[in-house]
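Novice: Mind having a look at this structure? Questions to follow.
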Amino acid sequence: MKPLLSRKSSKKVGDFATVLPALLFLGVFVYYPVVQVVRISFTNWNLINDSYKYVGLKNWIWLFEGSGTKYLLNSLKVTFLYTLGELFVTIIGGMILAVIFNKLAKSFSIMRALVFLPKYIAMSSAAVVFLWILNTDNGILNYFIMKMGGTKVNWLGDKNRALLSILMLTGWRTIGYGMMIYLAAMRGISTNYYEAASIDGASKWTQFTRITLPLLSPTTLFLFVTTFISAMKVFQSVDVLTSGGPYRSTEVIVYMIYKYAMEDFRMDRASTVAVFFFIILLIITATTMKISNRSVNYDV
């Protein structure tokens, strides 16, 4: 009697059965919620009411042509400004620290650990600490400023300083991460390149710009994409430190979604903004990856 399945087919079925639990998990907890969010964006679902109905493009018209437009544009501006700040700190600051620590002896490894340590501290816990540090009346930062002859600074209550204050917390947590990633990549570059460049009379700066930077381009791409996505989704630091204020000066897009859903109980509007935000992230990430394939150097 011939077997129902050949050995090759049996192997394929076994392989599929192996990944089936993961596929089911993704389907239930990732793809199904995404489909539901898209569906809700075409309804008038308000959590206060027991029922809802489909309203077509009404929410999308509200977002792009109605009262929601100015708040969306403000949140997009704040989010991109924050993202640029985190990218600068993580990539530029991390690279500078990596160059410095790469020249130091192993005895300074404890300093690298101290710089990297804040990455392991939960954002909510770190934000509570910074809430005290940046306090106008009792904060330790203003205490030292006044000791040096300065005046109190309203770090979290001034719309011109609030976003910068959040970036202080972000920089403290992420600069060490960028440093360690760059440091590991620098240690992987062969010394033969630098020895050959030194024989040719190249300066340290020339070696850095012509050897180190090009060979670090895959690492830079990795940090750029991961930092960009995480920065665009910032929420906890904003929620704890400023709650989107003052005057919406720190209302990032994710906090805007949270307010519509959990404070205004407008799940329809929150879903509409969430879908639009997902499309933005998808387009920017895909464009970045496409451009990087032409400019990133993967040779070692």
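The values are calculated or read from the model by the stated rules, or taken from the named source; none is laboratory data. Here the structure is a predicted model, which is why all the values come from computation and not from measurement. A quick note on method: Cβ atoms are made from the backbone with ideal geometry, for glycine too, and the neighbour counts reach across all protein chains shown.
Novice: Could you list, in sequence order, all residues of the stretch 99-150 that are over 21 Å from ALA231 (Cβ atoms), touching a residue at least 40 places away in the same chain (Cβ under 8 Å) and basic (Lys, Arg)?
Specialist: The answer is ARG112, and nothing else.
Novice: Among the residues of the stretch 130-167, which ones are within 24 Å of GLU86 (Cβ to Cβ), loosely packed, with under 14 Cβ neighbours inside 10 Å and either among the hydroxyl-bearing types (Ser, Thr, Tyr) or in contact with a helix residue (DSSP H, G or I) (Cβ under 7 Å, 6 or more places away or on another chain) (or both)?
Specialist: Passing the criteria: only ILE140.
Novice: Could you list all residues from the stretch 116-155 that are among the polar types (S, T, N, Q) and under 21 Å from GLY245 (Cα atoms)? Steps first, please.
Specialist: Quick first cut of the stretch 116-155, residues among the polar types (S, T, N, Q) only: 124-125, 135-136, 138, 142, 151, 154.
Answer for the stretch 116-155, where residues must be among the polar types (S, T, N, Q) and under 21 Å from GLY245 (Cα atoms): SER124, SER125, ASN135, THR136, ASN138, ASN142, ASN154.
Novice: Also, quick follow-up: Listed residues SER107, SER125, SER190; which is modelled with pLDDT under 95 and under 26 Å from LEU213 (Cβ atoms)?
Specialist: Working: SER107 fails: under 26 Å from LEU213 (Cβ atoms); SER125 fails: under 26 Å from LEU213 (Cβ atoms).
Going through SER107, SER125, SER190 in turn, just one is modelled with pLDDT under 95 and under 26 Å from LEU213 (Cβ atoms): SER190.
Residue-wise test of (1) under 27 Å from VAL35 (Cβ atoms); (2) aromatic (Phe, Trp, Tyr); (3) surrounded by 14 or more Cβ atoms within 10 Å (Cβ to Cβ).
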site: LEU223; (1), (2), (3): no, no, yes
site: THR226; (1), (2), (3): yes, no, no
site: GLY245; (1), (2), (3): no, no, yes
site: ILE253; (1), (2), (3): yes, no, yes
site: LYS259; (1), (2), (3): yes, no, yes
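Novice: ALA286 - would you say it is loosely packed, with under 15 Cβ neighbours inside 10 Å, among the hydrophobic types (A, V, I, L, M, F, W, C), at pLDDT below 90 and assigned to a helix (DSSP H, G or I)?
Specialist: Values: loosely packed, with under 15 Cβ neighbours inside 10 Å: yes; among the hydrophobic types (A, V, I, L, M, F, W, C): yes; at pLDDT below 90: yes; assigned to a helix (DSSP H, G or I): yes.
Yes; evaluated as a whole, the condition is true for this residue.
Novice: Specify the residue that is farthest from the chain's Cα centre (by Cα); the eligible residues are those in the stretch 156-172 that are closer than 17 Å to GLY244 by Cβ and of a type in the set (A, V, I, L, M, F, W, C).
Specialist: Residues of the stretch 156-172 closer than 17 Å to GLY244 by Cβ: 156-167, 169-170.
Right, trim to of a type in the set (A, V, I, L, M, F, W, C) and you get 156, 162-164, 166-167, 169.
Numbers: LEU156: 21, ALA162: 19, LEU163: 15, LEU164: 16, ILE166: 13, LEU167: 12, LEU169: 14 Å.
Residue satisfying both the conditions and the ranking: LEU156.
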